[in-house]
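In what follows, a structure is listed as structure tokens, so that the remarks can point back to it.
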Amino acid sequence: MHYLLMYDLVPDYVERRGAYRDAHLTLAWAAVERGELLLGGALIEPTDGAVLLFTGESSAAAEAFAKADPYVLAGLVTRWRVREWMTVVGEGAARPTR
């Protein structure tokens with residue numbers, strides 16, 4: 001299954017993220033190496049949110065990521081949530097449907 005971790009960001013996120021960016025990216029790449037995180041990044045124009053795509057049997061990896069994320073811990077994320085995403089089209093879809 002796929003899970004979307006969605007962040008709402010503070011208005012000055014771009015200016016404040018520098019101090020936490022390396023630690024955030026280290027956490028993200030470790031999740032990639034474990035096969036949990038497929039894609040992630042900020043929404044732009046405006047940069048008011050971010051979305052990370054996780055894969056697994058449950059939402060546990062996405063939730064654990066958010067709870068450990070330096071951006072969340074430093075208050076750059078005002079709200080986060082995980083939603084199960086039923087993927088049906090594309091390479092790697094959880095339930096390919098034609």
Give a residue-ordered list of calculated ³J(HN,Hα) values for segment 21-29 (Karplus: 6.51 cos²θ - 1.76 cosθ + 1.60, θ = phi - 60°; whole Hz; x for Gly, Pro). 4, 4, 5, 4, 5, 4, 4, 5, 5
To make sure I understand, if each residue's beta carbon is the centre and we count other beta carbons within 10 Å, what order do Thr26, Thr47, Thr97 fall in, fewest to most? Thr97, Thr26, Thr47
Relative contact order of the chain: what whole-number percent is it, with Cα pairs under 8 angstrom and at least 6 residues apart? 43 percent
Calc'd 3J(HN,Hα), segment 71-82, phi into Karplus 6.51 cos²θ - 1.76 cosθ + 1.60 (θ = phi - 60°), Hz, glycine/Pro = x, comes to 5, 5, 5, 8, x, 6, 9, 7, 7, 9, 8, 10
Derived scalar couplings ³J(HN,Hα) [segment 13-18; Karplus, 6.51 cos²θ - 1.76 cosθ + 1.60; whole Hz; x for Gly, Pro]: 3, 4, 6, 9, 6, x
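Computed from the coordinates by the stated procedures, all read-outs in this text should not be read as laboratory data. As the structure is a computational prediction, the values presented were derived from the model and not from experiment. Reconstructed Cβ throughout: ideal geometry from the backbone, glycine too, with neighbour counts over all protein chains shown.
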